[in-house]
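First the structure, in the form of structure tokens, and then the observations on it.
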Amino acid sequence: MSDKKHIITEKDFVLVQQDQKIHDLKFETKPTTYFKDAMRRFVKNKSSVVAGVIIGILILLALFVPIFNKNDIKKSQVDFRFLPPRWPGFDNASVLNGRRYVKNIVYDNTDPDPQNHHPVGYDKEAIVGEIALSEGTTNLPSKYASGGKLIIMADRSSFATGIQTNFVRANFADNVYYLELETDTVINSNNNFEIYMLVYYRGLNSDASQIILQPMGSTYGVFTADLSAAVINNRPEGVVANQFFVQIGVYVAATNSPTGERAQLCINKLVVTTEGANNPFELHNFTEANELLLRRSDDDKRAYRYQTVIAGNQILYEAKVLRASFEYDYYKAVYGEVARRIGISELLRARDEGKIAFDLDPAASDHTSENFNYQIVVDTFEVLDDKKSQYREIKFAYGPQKVSAGTRTIWVFNYEVVISRYREMGYTKEPYFLFGTNQRGQDFFKIVFNGLRTSLLLGFSAAAINIFIGLVWGAISGYYGGTIDILMERFTEILGGVPWIIIMTLTILHLGNNFGVFLLALIMTGWIGTAAVTRSQFYRYKRREYVLASRTLGAKDSRLIFKHILPNSIGPIVTGAVMMIPGIIFSEATISYLGLGLKGLTSLGVSLSEVQEYIATSPYLIVSGSLVIALLMISFNLFGNGLRDAFNPSLKGVE
């Protein structure tokens, strides 16, 4: 190591900036505030921005849909019940087109003309595409069914049952009558029955003689008997007549089963035949149970259905029926065109209103003649106002009807006219129901957003009050601590220990279920969560250095709370406050499902509770309303998370 020393003199020091002007540099970033910085961070959170846009759209829809949508949601319109959703532009799509595929509809093929065959209860003109037919069975008597078996069943296991014909008068000496009664060999089991005949040898005012044709037993299948021989051979002594009133019956003994099995018997047919020209039993014979159970009475009011003996029911079993499956345009069925008989006066009124134009036959419409009539020249019919005229075409004229007008006689014509039903209802075009219609035929889209408006008003009102109470309560409890904190916490623990649904239910049951009572019930315990978060945040920040420094400089408690502690703890509080709104809406929907919804107001919960029973047949109603709630919940959640990050002081200045 060298022992040489370096000597530093004044000449070795040089001022670097000796010839330069020294001054403060200009800030390269723009000045900002706390809220500007928070907004900048929030805008960069794309999911939160999208959620905020969705919330804004839902709020706008809740405000303006009830105003600009003119569909009536107060009056029931039975003809428009359960229309499926239909959206503009989706008419040729496979969804949201106002059509549904219906299955297993009873098909009416009773008309001799196949052109008149159609599914029962459906407009043939509204069917889209081909109809798929299949054979099925039914246990309900119907004029569209055929065949079937008759089951007679007792009301309880200790009761017997049976059937018998009404009175039939026949000459058993001049004609031979044969009974054929078939009981089912598959369905019947372990039921004892007998076949009998009641004969009134001395007239209807006397007692009947019972002739047992088949003794009590459980032999099933085809049973035949010669009724004439049975009647003649069993005549009492002194009776020489050959013509008597008779009744044929089947008696099924009670089972007295400890397991509750009831007496029953399945009969396939009961027929009495004769070789004579007239068969008085014809009206009582049956080979099809469906036809038998549909019988009522003839012109003389004599019933030809079988009487039930003792007690029990006559039940149809497996009658054949044709069923149809097809795609059905519900809007065309309700709002499409239909042919209707219209009087000349209505057509003349429409012509005077400028909706249509037509000429009257001069020869037939001469007002100066004694017997004149109004007769339209059909070829001259023309629609002038396409939007308002429900009359679209005159198909033909019915025969004239004679009408007296004072001392004169007028021959009035009626016409088969094609009517546009949606124009007749006041629409200028076929309506679109985005969410379909409910059980009262009302626009469910308008109902949902009309209810959302009420729910949002309830949510924002309750949230604002809860946040205010929670902030004040939590700030006092967390800032002062000690005895004040202990007392306030014990009170909130006692109040919070009672389930909210019990408080809600008791409040509504005692005070009613109007808007004010709902609001009161929601704020009784709704502020506790905000108070707890505020308290924890105050405990977290009140011992920080900047708070202690401010206190040392003489800051008052109010300044410490609102200037230093609250702004730094606002993030979690804002998130909880934002999530409180959909939580209140969801709570209202929950209480509505219990039948305690708002009275006199349509809320989102009430609108959903009213259609929940139709979830199997019209699921689009509950699904559409539930999607609005789900979208609201998710959007508020994302929006709240974005606000929490934006107002987090620890992220200030972070890109």
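Data overview
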item: From the options 89, 136, residue that is out of contact with any helix residue (DSSP H, G or I) (no Cβ under 7 Å at 6 or more places or on another chain) and without any contact (Cβ under 8 Å) to a residue 24 or more places away in the chain; result: 89
item: Any hit, the stretch 480-498, residues being among the small types (Gly, Ala, Ser), out of contact with any Leu (no Cβ under 8 Å at 6 or more places or on another chain) and either assigned by TED's automatic domain parsing to the domain that holds residue 343 or closer than 29 Å to residue 618 by Cα (or both); result: no
item: The stretch 611-625: number of residues that are under 14 Å from residue 589 (Cβ atoms) and crowded, with 21+ Cβ neighbours inside 10 Å; result: 2
item: Total residues in the stretch 141-173, condition touching a helix residue (DSSP H, G or I) at 6+ places or on another chain (Cβ under 9 Å), assigned to a loop (DSSP other than H, G, I, E, B) and not basic (Lys, Arg); result: 8
item: Any pair with Cβ under 6 angstrom, 6 or more apart, that starts in the stretch 411-432 at a residue that is at negative phi and assigned to a helix (DSSP H, G or I) and ends at one that is at pLDDT 90 or above and buried (at least 18 other Cβ atoms within 10 Å of the Cβ); result: 421/335; 422/335; 423/390; 424/390
item: Enumeration of residues in the stretch 192-206 that are touching a strand residue (DSSP E or B) at 6+ places or on another chain (Cβ under 8 Å) and assigned to a loop (DSSP other than H, G, I, E, B); result: 192, 201, 203, 204, 206
item: The stretch 258-284 residues that are under 10 Å from residue 157 (Cα atoms), paired with ones that are assigned to a strand (DSSP E or B) and among the basic types (Lys, Arg) (beta carbon under 8 Å, 6 or more apart); result: none
item: Residue check for residue 446: among the basic types (Lys, Arg) and outside any helix (DSSP H, G or I); result: no
item: Neighbours by Cβ (under 7 Å, 6+ apart or cross-chain): first from the stretch 512-538, free of Cβ contacts under 8 Å to residues at least 12 places away in the same chain; second surrounded by fewer than 24 Cβ atoms within 10 Å (Cβ to Cβ) and hydroxyl-bearing (Ser, Thr, Tyr); result: 517/507
item: Pairs, first among the acidic types (Asp, Glu) in the stretch 386-404, second modelled with pLDDT of 90 or more and not in a loop (DSSP other than H, G, I, E, B), C-beta under 6 Å, six or more apart; result: 393/418
item: Residue 217 vs. criteria at pLDDT 90 or above and among the small types (Gly, Ala, Ser); result: yes
item: Criterion: assigned by TED's automatic domain parsing to the domain that holds residue 360, modelled with pLDDT of 90 or more and of a type outside the set (S, T, N, Q) - qualifying residue of 408, 392; result: 392
item: Hits in the stretch 587-605 (condition: among the charged types (D, E, K, R) and either assigned to a loop (DSSP other than H, G, I, E, B) or within 19 Å of residue 74 (Cβ to Cβ) (or both)); result: 599
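The values are calculated or read from the model by the stated rules, or taken from the named source; none is laboratory data. Just so we're clear, the structure is a prediction, and the values are computed from it rather than from any experiment. Glycine also receives a Cβ, built like all others from the backbone with ideal geometry; neighbour counts cover every protein chain displayed.
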